[in-house]
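The values are calculated or read from the model by the stated rules, or taken from the named source; none is laboratory data. All of these numbers come straight from a predicted model, not from anything done at the bench. Counting neighbours? That spans all protein chains shown, and the Cβs are built from the backbone with ideal geometry, glycine included. In case anyone asks, the SASA skips ligands and DNA or RNA and just uses the protein heavy atoms, side chains included. Shrake-Rupley method; radii C 1.70, N 1.55, O 1.52, S 1.80 Å.
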Amino acid sequence: HRIEADLRAALGAGELEVHYQPVVVAKTEHIVQMEALLRWNNAERGLVSTSKFIRIAEDTRLMVPIGEWVLRRACIEAVTWPPHISIAVNVSGQQLRDADFVPMVVSALTKSGLAPQRLEIEVNESIFDQEESVVRAVLDQIIALGCTVALDDFGTGHSSLSYLRELRFSAIKIDRSFV
């Protein structure tokens, strides 16, 4: 309960940060994308592991406002990078099922000035566990905006190959345990 209360305050207190992990082409070693990674630097606890707070954020529906903050922040920062570098932002199932998600993406792109082609939304295959038709419709809308969609951690859920055929993923990131 204490972590939940502190996490609620963290967004307003400026304790959440976005760090970036480069994605490079192995042959050329050129950076082509940056992946946004959420970090929580708590005044008392220091850097809090995502394994300790992401599940709490999802269980308490804090993932929706936190995810919105991450997306907006990542778009604002990415627009200052060279135009060939895109930004990948992980999105939870809660965010995808939120009625305001697509308008929020449009708003983040518009306010930042980031071209939709430079935004990649990363989803985990667990998003297909509930309300699959809703999730598919939202992903189709994201793709229609010009953004790309990547499937992250493939192999950790029910690993259905059928949705790989049906959806236009720009990338499939296979989980290490599946390999």
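Modelled this way, with points 7 Å down the Cα-to-C-beta line, the labels at residue 145 and residue 168 are 1.6 nm from one another.
Starting from the Cα-Cα distance between residue 21 and residue 44, subtract it from 0.36 nm times their residue separation and give me the gain in nm to one decimal.
Working: separation 23, 0.36 × 23 = 8.28 nm, distance 2.58 nm.
Contour length minus Cα-Cα distance gives 5.7 nm.
When the square roots of the Cα gyration tensor eigenvalues are ordered a ≥ b ≥ c, the ratio a/c for segment 47-142 is 1.5 or more and a/b does not exceed b/c, which makes its shape oblate.
Its Cα gyration tensor gives segment 1-83 an equivalent ellipsoid; the semi-axes, largest first and in whole Å, are 28, 13, 11.
If you take the Cα atoms of segment 88-150, find Rg, then find the Kirkwood Rh from the mean of 1/r over all pairs, what is Rg/Rh? Don't jump to the answer; show the numbers that get you there.
On the way: Rg = 11.0 Å, Rh = 11.7 Å.
Taking Rh as the inverse mean 1/r over Cα pairs, Rg/Rh reads 0.94.
Relative to the globular-protein estimate of 2.2 N^0.38 Å, the Cα radius of gyration of the chain stands at 1.03. Solvent exposure of the chain, expressed per residue, is 53 Å² of accessible area, with all protein chains present and a 1.4 angstrom probe.
So what is the relative contact order for segment 91-154, in percent, with contacts set as C-alpha pairs under 8 Å and at least six apart? Don't skip to the end; give the middle numbers.
Details: 60 pairs, mean separation 27.4, N = 64.
It comes to 43 percent, rounded to a whole number.
Between residue 111 and residue 134, what length in nm is gained on full extension when 0.36 nm per residue of separation is reduced by their alpha carbon distance? Walk me through the numbers on the way to the answer.
Numbers: separation 23, 0.36 × 23 = 8.28 nm, distance 2.62 nm.
5.7 nm is the gain from fully extending residue 111 to residue 134.
Assuming R0 = 35 Å, can you tell me the calculated FRET efficiency for the pair residue 126 and residue 31, based on Cβ-Cβ distance, to the nearest 0.05?
On the way: r = 29 Å, r/R0 = 0.82.
FRET efficiency, residue 126 to residue 31: 0.75.
Report relative contact order for the chain in percent, whole number only (criteria: Cα-Cα under 8 Å, sequence separation at least 6). Display every interim value, and only then the final one.
Values: 257 pairs, mean separation 27.6, N = 179.
So the answer I get is 15 percent.
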